[in-house]
1. Could you work out the helix-only [θ] at 222 nm for the protein assembly as shown, with each DSSP H run of four or more residues adding -39,500 (n - 2.57) and the total divided by the number of residues, to the nearest 500 deg cm²/dmol?
2. Looking only at Cα atoms, what is the convex hull volume of the protein assembly as shown per residue, in Å³?
3. For peptide B:168-174, compute the average count of partner chain beta-carbon atoms within 10 Å of each residue's beta-carbon.
4. Chain A: percent of C-alpha pairs farther apart than 14 Å?
5. Please order B:Met50, A:Met1, B:Met99, B:Met218 by the number of other Cβ within 10 Å, starting at the fewest.
6. Which order do the peptides B:420-428, B:316-324 take when ranked by the mean count of other beta-carbon atoms within 10 Å per residue, highest first?
7. Determine, for each peptide in B:184-194, B:333-343, B:142-152, the mean count of other beta carbons within 10 angstrom over its residues, then list the peptides with the highest first.
8. If I take all pairs of Cα atoms in region B:81-140, what percentage of them are more than 16 Å from each other?
Amino acid sequence: MCAELLPERITLDEWGYPIVDDRPLSPELVSHAQRAALACPTFALLVERERRRA
Amino acid sequence: MIVSEATQTAELTRSGTPLSGGGAGDPTSETVPAPGLPRLLEGVPAQGAMSLDRHLETHGELPTAKRRDRRGASALIDQIEQAGLGGRGGANFPMARKMRTVASGRGKPIVVVNATEGEPASLKDRTLLETLPHLVLDGAALAARAIGAEEAILCVCESAGAGYERAARAIAEREQLPGHWPRIALTAAPEGYVVGQESALVNHLNGGPATPTFTPPMPFERGVRRRPTLVNNAETLAHVALIARHGARWFRELGLEDQPGSTLVTLSGPLAYPGVYEVEFGASLSSLVEAAGGTSTRVRAALFGGYAGTWVDGGALSRLALSSAHLAPYGASLGAGVVLLLSEEACPVAETARVTRWLAGQSAGQCGPCVHGLDALAGTLEQIALGGQGRRGTERVERLAALVSRRGACAHPDGAVRFAMSAMEVFANELADHARHGRCEACARPSELPLPARPRPATAV
């Protein structure tokens, strides 16, 4: 499911488990990422705001 | 000589594993211990556990005068910091830093002594509990006092048997000691390779399954009963018992500047006296092997750090010393003090496939890539051992390794991958032979690498 909603960043391994590319998202991908995270039945995905480094 | 040995070898070996290798005798009569050694193993009894009286005679009274004094308590943490004591559960994490973090957490802290020792090639924590339980209990009491905890939980694994009984007796013996002591509870955790991971142990003590959990929160922030929890390996606490008595400078008289002190090592393989030895960091592997009566066959390779560890080719062993710095160039570490020698008579391909299959079975079963990936990894290695795989097999192992690494909630898949990949590198010739010709003559030999008699999954979910 998540891989269909965010194919730019999520692929599936040979057993169907997601491999997430966790580099920062470009602005146009953020809403897709949020939909993918909401669709995850196990809440395994999380969209995080990038932390500013001091 | 820089070694000293625990002599209850026959008793200490796990039933049904090749580790026992017949009843070993007592080699200490021929062995001259190093000046300053033994420390932990001082006066280790040939049979049974050291009694409380004997323990206090050997090591002196436990420094208890300052027990109500907060400054006295934190002084111990300072001493441990100056001593440079690293955790002996495998990660070598600075003990003092861990204690300070727990002490400054929110809520009454709690101490957990981790003596589960799920690593099949490690016997040192079991040895400590079976022979010198008061050293571990001293350390637990001192650590509890230093961080302001009022209770400690000593965890052994279900198969501990004598270790459990002797620890229980030792805890009862200590009730005669004067002064306030933290309550020490004894509990048995299910057997399993991943049970000893901090978060799994905490999960179990909280009434859950003994499987690792996603962290954070780390146990030192929120652990047993949601309290800040100091989880320590049994040997680490045994060192605390001696540092509290003799101080940091004494501790540093052995070992290296950046890795001071002595450490317990479980040495197994084709040796006259495999067993648990105490060495100083930086001691040569050759001196340890010599203390164990030497090898009876040529050694093909040595595995450091157990089944989440790294193989080093036999050709390099004569130059090796036992410390993080000496092993780092080989990508290896001592882990929880495990050194396993594989003879040239064994088939390293069959041994690797067999242990990887066992590791796959030890998955907690929580993360898909670990469950499926390690199973596929073991299956591929088994096919390579049978032959006819060619380069395809090797490539598949490499792809699976990349697919599994860092995708679990815990370190188990990464450890299994490290073990398998280092075998692929060190045993490249044997793997190529198997790819071309299939099973070798050595494949039929009894396996050398020890595994528990009845392999069991970590949980009964």
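Every number in this text was worked out from the coordinates using simple rules, so none of it is lab data. Computed from a predicted structure; not experimentally measured. Here Cβ is always computed from backbone atoms with ideal geometry, including for glycine, and neighbour counts include all displayed protein chains.
1. Rounded to the nearest 500, the figure is -11500 deg cm²/dmol.
2. On the way: hull volume 80.5 nm³, N = 515.
Convex hull of Cα atoms, per residue: 156 Å³.
3. Numbers: counts 0, 0, 0, 0, 0, 0, 0.
Mean inter-chain Cβ contacts per residue within 10 Å come to 0.
4. Details: 727 of 1431 pairs.
For chain A, the fraction of Cα-Cα distances above 14 Å is 51 percent.
5. Details: B:Met50 22, A:Met1 12, B:Met99 26, B:Met218 15.
Final ranking by Cβ density, sparse to dense: A:Met1, B:Met218, B:Met50, B:Met99.
6. Numbers: B:420-428: 20.0, B:316-324: 17.1.
Going by the mean number of other Cβ atoms within 10 Å, highest first, we get B:420-428, B:316-324.
7. Details: B:184-194: 20.4, B:333-343: 24.8, B:142-152: 22.9.
With the highest mean Cβ count within 10 Å placed first, the list reads B:333-343, B:142-152, B:184-194.
8. Numbers: 997 of 1770 pairs.
When all Cα pairs of region B:81-140 are counted, 56 percent exceed 16 Å.
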